[in-house]
Amino acid sequence: MERGGPPAPAAGERAPAGAALRGHPAGACGPWEMRDRLGTGGFGNVCLYQHQDSGDRVAIKSCRVELSVKNKDRWCHEIDIMKKTVQELEPVSPSSKSCTLALRHHFISSLVCVFPRYGFDAFGYWLNHPNVVRACEVPKEMNFLVNNVPLLAMEYCSGGDLRKLLNKPENCCGLKESQILSLLSDIGSGIQYLHKNRIIHRDLKPENIVLQDEGGKIVHKIIDLGYAKDLDQGSLCTSFVGTLQYLAPELFENKSYSVTVDYWSFGTMVFECIAGFRPFLHNLQPFAWHEKIKKKDPKHIFASEEMSGEVSFSTHLPQPHSLCGLIVEPMENWLQLMLNWDPQQRGGGSDPETSRPRCFLIMDHILNLKIVHILNMTSAKIVSFLLHPEESLHSLQNRIEFETGISTGNQELLLETGICLDPRKPASQCVIDGVRGWDSYMVYLFDKSKTVYDGPFASRSLSDCVNYIVQDSKIQLPIPQLRKVWAEAVHYVIGLKEDYSRLFQGQRAAMLSLLRYNANLIKMKNNMVSASQQLKAKLEFFHQSIRLDLERYSDQMAYGISSEKMLKAWKEMEEKASQCAQAEDIGYLDEQIMALHTEIVELQKSPYARRQGEVMESLEQRAIDLYKQLKTRPPDHAYSDSTDMVKIIVQTVQSQDRVLKELFGHLSKLLGCKQKIIDLLPEIEVALNNIKEADNSVMQMQGKRQREIWHLLKIACTQSSSRSLVSSSLEGTASTPAATWLPQSSSGNTAPHPLSSLAAPEDGENFADVIQENVNYLELFSSILQEVRQEQNSMMSFDWSWLK
């Protein structure tokens, strides 16, 4: 059941049960409203139904004609295979809500799902594989017979079938490598699953492969088990009627067969996806080409008919195709196993170690190849490398140097996001797990020793056929031959556009890299400006404080402590601080950064920063339209020239030359800006270091001055205290006892006696007691004086030479 579709409109009067299935699109079966007719097959129709309340969708296949007994048995046999119990599979969960139902063509599925919310019965087990289309129980409202056979409900795959994809004119010379490898992986997995469960499909063809978008990834699924054979009846079978173009020779000749019939069909289908046509005399019907092909060499995978009528065989894939060189040889080896005429030798037999068919081991080998594709932006050439296990990036760079001539030190390898490869990580960082094909992912190579990219650039070469009509566009060719030539011409025009698109992606990677460098530049500039402002503030404080200190020092020199050496040191500090101020001058760097920033903004705004391939896209569409018109022309006894197609080819080449010139001109400006940033970064680093050193110097000078001031203050206080105590003691011992009681004249220069604050004795007191008390005080002060002298001698033992 598929959710998320638009809710079905409210139905009016509902048609009788089964009316819609008999050709009334507006009818409904209970809550199920018919939304679309998806396809028509040999015996049945497939219609899309939507639940009016939930929006769930289901596709129902119904029989459209009365069937013979034999075909009725075949129809019912589909259901038997669909409900096949598989021991190793998980049982159906009673709480399963089930999944999307539908399909666009005459097919049948191989999975039974349950819909408990709609009251469907559950089967115990089901065939369940992501590459085999699922089926479910028919809703109870449609649980009736049509033309005496039951209905079938199937998963809906919105991407259409493989035939629809192959028929697109842009795929006239085959699919892209990523699409081919995806198909190989998906269908190979689905076939192995069916064979493991003793089911031969027998009718594999593009029409029976459907595409489903699952989370942004295209998944291929096998459909239509209508001709499938259950091997429980025996490993060799003899009865079959199927599609002849992809039919294995033994089936065509009505001989006994085994699972290898699916190998032939699978190989034929993959070959067509690579080349755009079937491998053996694709213009002929099977009755005509079987006799010519049956005696081919086991390694022949391609046969074409020459103008003389002779058949030419090859063990190699025909050109043009989209596979990279590293995949071609293993793919040809795989096709040689799959397209072996002898069914006993087909597939290569079983591997003695794994007991798996050798063809699937080779298939896994192809799919597991770790290949990095590198676009050399200096030459516009793609080079591909097969990565060794645990290969280092340095090893890969050595191989790149050998292929391109760009030294490892000058190589800059960028991902599409503009991130540079990390030299500490292995070379496998160039490959994304699950992403295959050079058309899907690319690493861009730049030469750091160059900032101007002006070619020469490698241009896409013309195939022999296209070159033939370019040399003489007026030559008349028969329509069948012209179709092939024009198909290659369309492929060439599309290739020119895609070449530009890849180079544009390289330019985009360079722009993203430039922006990363610019972001780093801005960060360093902000750090530099902040450090400069802090230094400036500290210098201002330092200058103000040292000027104040010098003024105060001059004021106290007449009556305080003086030190010529300290004064000289302070003046030197002031001069050094003036020199430190030079470090805060970053205006010249700031001007360069701002000018560079303006230049980068202009490059971002430039029209060349956006894709300029509109003309080539228009020419591509014109070439496709010409090819479509040619395909509709009858081939019998008709000739035509290629004037219009050659005009398009020439115009596309000219357009590509123009946009590439603009692209590389813009790229050179990007790289020039990036080099300016690279050159500026060390200068900013030096400026930052200078500012930090100046800042440290200022802080050290300020700290030294503060320590000196506090030491000076300490000495001043100590000396002042010592002088005061010594003076008091000497005056007390030199005076008479009576004089000690007399206050000193206010005009005297002598400091007051420490005992002068005592009250004079009153009349009648004993004078002897007073004298004794005075003696006691003198003894006390003598001891104090002794302590002061000892402390003074201790302090004078310090080194005070810095004050001199």
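The values are calculated or read from the model by the stated rules, or taken from the named source; none is laboratory data. What you see is a predicted model, and the numbers here were worked out from it, not measured in a lab. Backbone-built Cβ (ideal geometry, glycine too); neighbour counts: all protein chains shown.
Filtering the stretch 343-361 for residues that are part of a loop (DSSP other than H, G, I, E, B) and closer than 17 Å to Ser185 by Cα leaves a non-empty set.
Would you mind finding the one in Ser428, Ser407, Ser395 that is closer than 26 Å to Thr451 by Cβ, among the small types (Gly, Ala, Ser) and not assigned by TED's automatic domain parsing to the domain that holds Lys299?
Details: Ser428 fails: closer than 26 Å to Thr451 by Cβ; Ser395 fails: closer than 26 Å to Thr451 by Cβ.
Selected residue: Ser407, the only one of Ser428, Ser407, Ser395 that is closer than 26 Å to Thr451 by Cβ, among the small types (Gly, Ala, Ser) and not assigned by TED's automatic domain parsing to the domain that holds Lys299.
Would you pick out the residues in the stretch 619-647 that are touching a Ser or Thr at 6+ places or on another chain (Cβ under 6 Å) and part of a helix (DSSP H, G or I)? Across the stretch 619-647, the qualifying residues are Leu619, Thr643, Val646. Consider the stretch 584-603 and keep the residues that are part of a helix (DSSP H, G or I) and more than 33 Å from the chain's Cα centre (by Cα). The one that is surrounded by the most Cβ atoms within 10 Å (Cβ to Cβ) is Glu584.
Which of the following residues is out of contact with any strand residue (DSSP E or B) (no Cβ under 9 Å at 6 or more places or on another chain) and surrounded by 15 or more Cβ atoms within 10 Å (Cβ to Cβ): Ser513, Ser473? Break it down stepwise before answering.
Values: Ser513 fails: out of contact with any strand residue (DSSP E or B) (no Cβ under 9 Å at 6 or more places or on another chain).
Being out of contact with any strand residue (DSSP E or B) (no Cβ under 9 Å at 6 or more places or on another chain) and surrounded by 15 or more Cβ atoms within 10 Å (Cβ to Cβ) holds for just one of Ser513, Ser473, which is Ser473.
Any chance the stretch 414-424 includes a residue that's over 20 Å from Gly506 (Cβ atoms) and part of a loop (DSSP other than H, G, I, E, B)?
At the first step, the residues of the stretch 414-424 found to be over 20 Å from Gly506 (Cβ atoms) are 423-424.
Next cut, part of a loop (DSSP other than H, G, I, E, B) only: 423-424.
Checked against the condition, which is being over 20 Å from Gly506 (Cβ atoms) and part of a loop (DSSP other than H, G, I, E, B), the stretch 414-424 yields at least one hit.
For Met616, state whether it is closer than 30 Å to Lys661 by Cβ and part of a helix (DSSP H, G or I).
Criteria met by Met616.
Quick grid of which residues meet (1) under 22 Å from Ala531 (Cβ atoms); (2) touching a residue at least 60 places away in the same chain (Cβ under 8 Å):
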residue	(1), (2)
Met566	no, yes
Met573	yes, yes
Tyr588	yes, no
Gln604	no, yes
Glu617	no, yes
Asp625	no, no
Ala638	no, yes
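Considering each residue of the stretch 663-686 in turn, none proves to be crowded, with 20+ Cβ neighbours inside 10 Å, acidic (Asp, Glu) and not assigned by TED's automatic domain parsing to the domain that holds Cys172.
Within the set Phe277, Phe313, the sole residue that is without any contact (Cβ under 8 Å) to a residue 24 or more places away in the chain and either assigned to a strand (DSSP E or B) or touching a Pro at 6+ places or on another chain (Cβ under 6 Å) (or both) turns out to be Phe313.
Can you tell which of Val529, Val490, Val485 is more than 30 Å from Arg399 (Cβ to Cβ), in contact with a strand residue (DSSP E or B) (Cβ under 9 Å, 6 or more places away or on another chain), in contact (Cβ under 8 Å) with a residue 12 or more places away in the chain and assigned by TED's automatic domain parsing to the domain that holds Lys576?
On the way: Val529 fails: in contact with a strand residue (DSSP E or B) (Cβ under 9 Å, 6 or more places away or on another chain); Val490 fails: in contact with a strand residue (DSSP E or B) (Cβ under 9 Å, 6 or more places away or on another chain).
None of the others qualify; the one that does is Val485.
Hey, does the stretch 470-477 have a residue that's part of a loop (DSSP other than H, G, I, E, B), within 23 Å of the chain's Cα centre (by Cα) and either at pLDDT 90 or above or among the basic types (Lys, Arg) (or both)? So far as the stretch 470-477 goes, no, none of its residues is part of a loop (DSSP other than H, G, I, E, B), within 23 Å of the chain's Cα centre (by Cα) and either at pLDDT 90 or above or among the basic types (Lys, Arg) (or both). Determine whether Glu390 is in a loop (DSSP other than H, G, I, E, B) and either touching a residue at least 24 places away in the same chain (Cβ under 8 Å) or surrounded by fewer than 20 Cβ atoms within 10 Å (Cβ to Cβ) (or both). Considered against the rule, which asks whether it is in a loop (DSSP other than H, G, I, E, B) and either touching a residue at least 24 places away in the same chain (Cβ under 8 Å) or surrounded by fewer than 20 Cβ atoms within 10 Å (Cβ to Cβ) (or both), Glu390 comes out as yes. Taking Gly347 as the residue in question, decide whether it is more than 21 Å from Leu165 (Cβ to Cβ), surrounded by fewer than 15 Cβ atoms within 10 Å (Cβ to Cβ) and either under 40 Å from the mean Cα position of the chain (by Cα) or modelled with pLDDT of 85 or more (or both). No, not satisfied. For the criterion of being under 30 Å from Val493 (Cβ atoms), exposed (fewer than 14 other Cβ atoms within 10 Å of the Cβ) and either touching a residue at least 12 places away in the same chain (Cβ under 8 Å) or β-branched (Val, Ile, Thr) (or both), Arg633 passes.
Exactly one of (1) hydrophobic (A, V, I, L, M, F, W, C); (2) touching a Phe, Trp or Tyr at 6+ places or on another chain (Cβ under 9 Å); (3) closer than 21 Å to Ile475 by Cα is unmet by Ile677. Its number? All conditions pass for Ile677, except number (3).
From the residues in the stretch 361-374 that are closer than 20 Å to Val259 by Cβ and in contact with a helix residue (DSSP H, G or I) (Cβ under 6 Å, 6 or more places away or on another chain), which one is surrounded by the most Cβ atoms within 10 Å (Cβ to Cβ)? Once the filter is applied, the top-ranked residue is Met363. Considering Leu630, Leu626, Leu670, which residue is under 30 Å from Lys450 (Cβ atoms) and in contact with a helix residue (DSSP H, G or I) (Cβ under 7 Å, 6 or more places away or on another chain)? Unique residue meeting the criteria: Leu670. Within the stretch 157-182, the set of residues being buried (at least 23 other Cβ atoms within 10 Å of the Cβ) and closer than 30 Å to Gln50 by Cα comprises Cys157, Asp161, Leu162. Pairs are defined by a Cβ separation below 6 Å, a sequence spacing of at least 6 or placement on different chains, a first member in the stretch 442-467 that is crowded, with 20+ Cβ neighbours inside 10 Å, and a second member that is among the acidic types (Asp, Glu); the pairs so defined are Phe446/Glu412; Cys465/Glu488; Val466/Glu488.
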